[in-house]
Each structure stands twice: as structure tokens, then as C-alpha cells.
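Student: Have a look at this one before I ask anything.
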Amino acid sequence: MAALVVFEAKCSCTRPGESLFLVGGGEALGDWSPAKALPLTTSAAAFPRWSSEPVTLPAGQPVEFKLLVQPPGGSGGGSRWEEIQGNRSVVPPPCSQSGEPTKLSMTWGSLQADAEPAPASAPAAAAPAPAVAAQAQAQTQQQRGPPSSSPTERALASVPTASGGAWLRLRLGSQPQGCRVVACGDSAALGNWKTAQAPALARGGTQQSQNADEEWYSEARPDVVPGTPFKYVLLSDSGEARWEEGQNRQWPGKPALHCFGAPAPREVADCEELVIHWGGPEVQALDPLSVPGAALHAFHWPFDEVRRRAREVAAHGFDAVQLSPAQRSIPGDQWWTRYQPVRYEEINGLGDEGALRAACAECKAAGMAVYGDLVFNHMQVVASCDEWKRAQHDQGHLDHLKQKLEDALGPTFNRDDFQWPWKALEGEAWDGPDRMEGWGCGEWSELKGGSPKVMDVHTAHMDRLKACGVAGFRFDAAKHMRPEHIAEYVRRAGVYCFGEVLSVDPAMQHEYTAGGAATDAPLPTTDFLLAVWLRSFLEGGETAVDFEFNAWVKHLIDVEFKRGGSPPKVVGNAQRDGLQAPLLAQNSVRFARNHDTVCNDVPFYGIGGWSREAAQVAAAWLLAAHDGTVLLLSDDVRASPLLRRALLYRRALREAMAASAEVKSKGVVTCVRARRALDGGPPAVVCIACRVKGEGGRLLGFCALNPHASGAVEFQGSGCLAVATLGSTGDAEGTMLEEPQGGSVMVRPDGSLDEPRLLGPRDGIFFVAKVT
């Protein structure tokens, strides 16, 4: 049997002149050849949605495919493939009796693909439901009695409705001035699919709503039978209609919240919330305000750009900026050239000392610290791995390569300042016993760690950066340096420092958090394992992380180094005591995406290739916690309104913590709960609350996130918001919290909200208590 399919994709990353294509298995999809890929088209009105012509595929058989962007001509040269793990795989259903194609919808960078009947160019009008059906519906309802009152219905109960009617609220977001919204559907009361006769929605919202500018509501419609197909339509002043895409909605039999263009909200399973412990008892308690809250990685930014944009960056909520390496490096515009030092005595490449001093001064004036990136493990590559291997059996060639080292990196260093004998770090050797002395990729010119001469040169470089205003440092490739050497650098620096330890192995991380520290507090390191855990949980749900901890870590490492093996067995902690998020330390440096995972084609334990759109929910979660330092890439912040709101929330939360004497005396704790979805898979909603530590501690703020790529969800509250004893911001009604950008919400003592909130796909809400 055959399947008729139309592919539709949401993609906004094309540049002028570029086009979107789909390529996959089989002749119809180009047999994985970009030159034969299936073209998708768009228009000024439809962008960023692209669609294909109908394609015939084998029905009932898996089809794999991916999206790619190609320049004019579509030859495959200069193509950009989307960053997803593996390929999408769908099983197209057979052609329907009507002959309409199946529409496969997807979003650039997300693995998910949803199959649905493609809407006809004009919705077909069905015969109105007989009056007897409405009468039977009413009689059935009378026999059953009134439905149980859900939080949604309680929140909407103050709105007058006619007997038997349904009252709808629609989240629309921004829209052109003068437009109106109608509910158009398959009954006379809904216009019989004719927009001119369909009832209009009113702009506003309930009395409790804080989103009146973006919410619309309908009249009660007792003359519409529940289950009647309909869609929302946006009408311009000129009469142009913009229909919702996707399947028809079903008219509900009770109050409902919808989001324009999004599927009906995912249903939340009727069960207890999943408890997620934010770190275990082994995590040392630290003052969360002793480390930066959010740092922008000004990746490969010239110092003049840092200076010029400092106020803008601070306004987003950042309190720190991390620079790219400042020393003279090999020439080139590629980012990796900055990580091949040539001379530590010079500030060159991204700007000179004057430019760095000006950038630091502007950042300091804006309330931000500046952190330098130190490449102390190795220097310029002077020969390939193959050359070094050959030289191990040819003393003359080895002397020649050592002379090349001196010629390139002298007079500061000579051959005796590098690590001998030469050993290549490849494959499993990256994490093996020689990882602290081996040459990365067999070609990084590995400096002799701990050498007094080498350390003195590096110390002078740190002093030069501090003299320009740099207030802290990142140690690149820290896991290839001995912890005691890093501890000595940290002692000499005398400022905030953290190490890049690219590993999910807690034992290896502990070598540096403990051995690299110069004080009683652990040395902050990059929390790779937490990023892996967040992606696994947010995309796969609890069964993707509900393993015995050591067995899970071993499996991650086995997969990374291609040793094979099956995933560990699910142990059922989620159903018992809950899950534990694996924090390295309360001062760890956290991220969802960093420059290594974005710029290198490497798995990185499962977080390589994590798309910007998918990773933003994990980054928002990290920003919603009370502890740690969150490192973000500028392009990710620019592309995500969710991250920009999360940054403002984190700043407001930290201000509330700093102003509270109660926080200073008792401390803060992050509480996390997740609501399971009725259809399984990713959690329906995750709530992250920050409270004063102790029984019944005061609620300081909370965030609720929807990780799903396409489905909205209704957030009604959470047990982690429950208030056993009310603080100064609470009363008998509950606790009032505010959004950093305006708006407020009342949290009742049982943790429910005074008004449910509809969270769009990969979206969230943020509220913080008033500072008193």
C-alpha cells in the first residue's frame, strides 16, 4: 500500500537566498543525496513554515529523514544540516478514503515529527448535528450530575455562562493591530466553517488574569454540542483569514484554555508529583551569592565588542562575562586558533591591553565581573600526530620537531619546557592514566606541568590580565593538568577561578573540586553530568534517568568511547523516593550548551548536537535554581525569549536572597517537582521553587516549565509551592508573587495557583516574592 505525505517544517534559520530541503531514505526523498533532496517552499506570509508537494511513500514502513538548508542551486555545497541526534523516523499511514495526504509536521532541530491529516484548502461543512443529539447530551449530563470541579473550572467560575455552555480562553500572543479572532466550525452556531458568520472572541481575560493583552475569550455557547470540530481564525481588517494549522479542535464540554496554533494541551496524569532532589546530602552547603549567578560567554568577541555591549549584557541579567583567550595565538579567524597560544607576554588577537582595559572598565561600571580564559595546558601545534609518531623511531626527525618547537615558541620556552616522552591522547586515552601528560590529539604541544619556569610565565600572564581589570579565570583543558598544579595557580591568582573538566565521571571531577581548591570551598568545575541528566530527563522522561547511579555513569562512558553495552535496568526510584539530579557542587559551573558541544562534531556523552531550541528549557531550569553559576552563549540568549525571562528572574531571585536576613541566617533550598503526562514521554510540567531552608520555609520564587516541543500544558500549581507557615508576603489567602517583567500570581497555601496558567511548547513562567 502507498502513503501520500506532505512534509511541513518550521524553520527560521535560513538566510536570504537559501532554501529548506528534506532528504532521507528512498528515491522520493533523495536517497540521502543533498543534490536530490525534496524541496520545501514558503512565502512571506507563511514564513517560518515550509511545506512540500505531496510525496508518495511506502505505507506502514519506517522512513528516516533530516532537514538541511542549502544555498541557491541546491547542489549540496555549503549545506547546513540540522543538529539532531540520529535521524527522524516515522511510519506513514495508508492513504485515507478521502484521498487527502497525511501531513508530517516538524521543527528544525527537534527529533519529533507529528502525523496528522492535512487540512483542506477550505474546511468542508458537515450537516449540523441533529437537535436530538444536543437534547441527549443534556439529559446524559443531568443523569451524571455536575462534573467534579477542577482548578481550571474554579478559576473560571466567576465568569457568567449560560446553562450547558462552554467558556473558552485563548492565548494568542502578539498580533497586528485591528485583527479579531473567531471560533469557526462545523455547526450553525460556529458559522458552518464560514468565517464571516463565525462568532468573535472578545479581548481581555478573566478578572484574575494578568495577561489581558494576549488573551481572548468566547461567549458561552449552549447551542454548540461538545465534540463539534472547530478552529480559531485570525481575521485582518481587510478580511484576510489566518487559520490555525493542524487538526481540528473539538468543542469542549467544560471551561478550557487554548493556545493559538498549538495542539490541545497535554493532559496531566492523575497521580502524585515526581519528586526530584536537587543534589544529595554529600553536596557541601555554600553561600550561593559567593559565586556569579549568570555569566555570558562572549565567545570569540573582540574586546571592543565586549565594551560596546556591556550595558546591554548587564540589562539582560548577567553579572559576569567570560572572554575568549587573550594571549597572542596562531593567526586565523577560526575560534580554535585562540586555543593555540604563541606568546603569553602579549595581549593580542581580540584586541590589545588598552581595549581589554576599556572592556573591563565598562563591564565593571555595568555591575559585571570579567573572567579570562587561560590556556595553560598546551601551546601551538607544530606537527601532526603522524609526524610525532614517526619521530619516535627516528631520533633525527625528533630533534627536527623539537627545534620547530623552539623556533615557534622561543625565546620564552625551549624544548625542555615541554612534556617528554611524547604520548598521544586519542580515543580512551583522553581519560586514561596518561591524560595529564599526554599530547591532545597527539599534536597539542604539552607544556611541562608544575615547572617553576612555566608557572612563572603563566603567573605573569594572569597578573597582566588582572592589571587590565580581569577579575577571575577559567582553566581550559583542566583535566589534562594535575590538580595540585591548578591549586597553585588558583593560590597565585587570588581571585575566583573555575576549571573546565570535560567528563561525566564524578571521581575525576572530585580530583579537581577537592585537589584543585585553594580554600575550604571546592574548586568550581564544569558540570557536564548535570547537563546530560537534564537532557535525558526532559526528552525521555523519568525512565531515561531512573538507573543505579554508578551503572548509569559507566554506561555513558562506555557509549562515549564506543565500548558497546546495554543501558542499565530501570530501578524504580522515581516511584519510591524520587529522582536525584546529580549536582557536582553548589558552586559548579552549569550549562546546557557550551562552545565545545556546539562547535565540535563529538557526542560529548549525549549533549553534543543539542539544538538551541531544545536546550533552552534545560538552561532555564538551571537559571531557576538558587545555586551554581550558569554559563550561556550569546546566540542562545538572543534567540530565546524564555532564556531572557529566566535571566531576569534569576537576578530578581538573587536580589531577594541578598536582601533577606532570614536567608542569611537559614539558607536557601531548591525544591523540584514534575507532573507526569498522561501520554507518557517527557514530563508535562516541571516546577522549580526556591524557599528559605527549614520546615515550612518561606517561598522566595518559582518557575514552571513545559519541555514538550509542540504541546501546550496547563499548570495549576505544585506541592513544592505549598506554604505550611505564611511569611511576610503571605496571608490567609496565600502568597503573592510577581513576574520580573510585570504581572503577579497568588499561590494558595496548598500550592495551587489562584488561576491556572497555560504554558506553550518549550515555554515557562517565573515569579518571585516581593522584597520586604
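The values are calculated or read from the model by the stated rules, or taken from the named source; none is laboratory data. Note that the structure is a prediction, hence the values are computed from the model and not measured. As a convention, Cβ positions derive from the backbone with ideal geometry for all residues, glycine included, and neighbour counts pool all protein chains shown. Heads up: the accessible areas ignore ligands, DNA and RNA and are worked out on the full protein's heavy atoms, side chains in. Shrake-Rupley method; radii C 1.70, N 1.55, O 1.52, S 1.80 Å.
Student: Need one value: the accessible area of Asp352 in square angstrom, 1.4 angstrom probe, rounded to the nearest 10.
Tutor: Roughly 90 Å² of Asp352 is accessible to a 1.4 Å probe.
Student: Taking the alpha-carbon distance from Lys364 and a cut-off under 14 Å, which aspartates and glutamates remain once sequence neighbours fewer than 8 residues away in the same chain are dropped?
Tutor: Glu312, Asp319
Student: Here's another thing I want to ask about it. Name the aspartates and glutamates eligible as straight-distance cross-link partners of Lys254: C-alpha to C-alpha under 12 Å, and not fewer than 8 places from it in the same chain.
Tutor: Straight-distance partners of Lys254: Glu153.
Student: As a test of reading the structure, rank Met736, Met746, Met106 by solvent-accessible area (1.4 Å probe, protein chains only), most first.
Tutor: The ordering from most to least exposed comes out as Met736, Met746, Met106.
Student: Answer with one residue from Ala551, Val532, Pro255: the one whose Cα lies farthest towards the positive end of the charge dipole of the chain, charges on Cβ with Lys, Arg +1 and Asp, Glu -1.
Tutor: Of Ala551, Val532, Pro255, it is Pro255.
Student: Something else about it: Can you pull the accessible area of Cys671 for me, 1.4 Å probe, Å² to the nearest 10?
Tutor: Cys671 exposes around 30 Å² with every protein chain in place.
Student: List the lysines whose Cα sits under 28 Å from the Cα of Lys36, skipping any in the same chain fewer than 8 residues away.
Tutor: Within the straight-line limit of under 28 Å, Lys36 reaches these lysines: Lys10, Lys66, Lys103.
Student: Where nothing but the Cβ of Lys and Arg (+1) and of Asp and Glu (-1) is charged, how large is the charge dipole of the stretch 653-765 around its Cα centre, in debye to the nearest 20?
Tutor: 500 debye
Student: Right, next: What does the charge count near Leu4 come to, summing +1 for each Lys or Arg and -1 for each Asp or Glu among other residues with Cβ under 15 Å from its Cβ?
Tutor: Net charge around Leu4: -3.
Student: Which cross-chain or sequence-distant (5 or more) residues have an amide H under 5 Å from the amide H of Glu346, H modelled 1.01 Å from N in plane?
Tutor: Arg328
Student: How would you rank 648-655, 249-256, highest first, on the average number of other Cβ atoms within 10 Å across their residues?
Tutor: Final packing ranking: 648-655, 249-256.
Student: Here's a follow-up. Of Val490, Leu447, Val69, which is farthest along the charge dipole of the chain in the positive direction, counting Lys and Arg as +1 and Asp and Glu as -1 at C-beta?
Tutor: About the Cα centre, the residue reaching furthest to the positive side is Val69.
Student: Round to the nearest 10 and give me the degree value, 0 to 90, for the angle of helix 506-515's Cα axis relative to the longest principal axis of the chain.
Tutor: In the chain, helix 506-515 runs at an angle near 50 degrees to the longest axis.
Student: Still on this model: Taking the Cβ of Gly764 as the center, what net charge do the other residues with Cβ under 12 Å away carry, scoring Lys and Arg +1 and Asp and Glu -1? Present the calculation step by step, with values, prior to reporting the outcome.
Tutor: Details: positive: Arg644, Arg645, Arg757, Arg762; negative: Glu739, Asp763.
Cβ neighbours under 12 Å give a net charge of +2.
Student: Amide H neighbours of Cys95 under 5 Å, counting only residues 5+ apart in sequence or on other chains, H built in-plane at 1.01 Å?
Tutor: HN-HN under 5 Å from Cys95: Ala2, Leu4.
Student: If you don't mind, another one. Size of the dipole of the stretch 1-53 about the Cα centre, Lys and Arg at +1 and Asp and Glu at -1 on the beta carbon, nothing else charged, in debye to 20?
Tutor: Once rounded to the nearest 20, the dipole reads 200 debye.
Student: Another question, then. So what is the relative contact order for the chain, in percent, with contacts set as C-alpha pairs under 8 Å and at least six apart?
Tutor: 11 percent
Student: Based on DSSP H runs of at least 4 residues, each adding -39500 (n - 2.57), what is the mean residue ellipticity at 222 nm of the chain after dividing by all its residues, to the nearest 500 deg cm²/dmol?
Tutor: -7000 deg cm²/dmol
Student: Give me the percent of the accessible area of the chain that comes from carbon and sulfur atoms, probe 1.4 Å, all protein chains in place. Could you put the intermediate results ahead of the total?
Tutor: Values: 16400 of 32620 Å².
The computed percentage sits at 50.
Student: Would you work out the charge dipole size for the chain about its Cα centre, treating the Cβ of every Lys and Arg as +1 and the Cβ of every Asp and Glu as -1, and quote it to the nearest 20 debye?
Tutor: 1260 debye
Student: If you don't mind, another one. Can you give the direction-averaged projected area of the convex hull of the alpha-carbon atoms in the chain, in nm²? Each step should come with its number before you reach the end.
Tutor: Working: hull surface 147.4 nm².
Mean orientational projected area (the chain, Cα hull): 36.9 nm².
Student: Could you state the accessible area per residue of the chain in Å², with a 1.4 Å probe and every protein chain left in place?
Tutor: For the chain, the solvent-accessible area averages 42 Å² per residue.
Student: Ranked highest first by the average count of other Cβ atoms within 10 Å around their residues, in what order do 365-373, 293-301, 305-313, 236-244 fall?
Tutor: Sorting 365-373, 293-301, 305-313, 236-244 by mean packing, highest first, produces 293-301, 365-373, 305-313, 236-244.
Student: Summing Lys, Arg as +1 and Asp, Glu as -1, what charge do residues with Cβ under 14 Å from the Cβ of Ala493 carry, Ala493 excluded?
Tutor: +1
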